[in-house]
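Notes to accompany the following structure.
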């Protein structure tokens, strides 16, 4: 596995040389991004530019919400999924989360 240059990512929290996460979904979003990059679907510098645009958009939100939005943007830009498909998936996830008892695994 190629080492990723995390230093080019704007504002990423690190613990040593590793990314730091507050919630499991943040680690999952990070892992999805790395997997798409390692599959050759986009360059790491390209990802950093999309994330930077999102982080510096002036919208005040948690860093990994910016990350998630940037991931949605690059997936749409690369035609890996449509904006509509991403919206449908987000809606399905929200509905699944609402019907899942606290502490249990959410499944679609």
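A simple spin-label model places pseudo-atoms 7 Å from Cα toward Cβ; at residue 28 and residue 104 they are separated by 1.6 nm.
Would you order 30, 21 from fewest to most other beta-carbon atoms within 10 Å of each residue's own beta-carbon? Walk me through the numbers on the way to the answer.
Numbers: 30 19, 21 15.
Ascending number of Cβ neighbours within 10 Å: 21, 30.
With a simple spin-label model that places each label point 7 Å from the Cα along the Cα-to-Cβ direction, the separation between residue 13 and residue 79 comes to 3.8 nm. In terms of overall dimensions, the C-alpha atoms belonging to the chain reach 39, 33, 33 Å along their principal axes, ordered largest to smallest. Between residue 93 and residue 60, the contour length at 0.36 nm per residue exceeds the Cα-Cα span by 9.6 nm. Residues 36, 41 in ascending order of nearby Cβ atoms (within 10 Å, fewest first): 41, 36. Compared with the dominant Cα axis of the chain, that is its longest principal axis, helix 63-77 is turned about 90°.
List 67, 93 from most exposed to least, where exposure is judged by having the fewest other Cβ atoms within 10 Å.
Working: 67 23, 93 13.
Ordered by Cβ neighbours within 10 Å, fewest first: 93, 67.
Counting only C-alpha contacts under 8 Å and six or more residues apart, can you give the relative contact order of the chain as a whole percent? Reported as a whole number, the value is 20 percent.
No value in this document is a laboratory result; all are computed from the given coordinates. Just so you know, these numbers come straight off a predicted model, no measurement behind them. All Cβ positions, glycine included, derive from the backbone under ideal geometry; neighbour counts span all protein chains shown.
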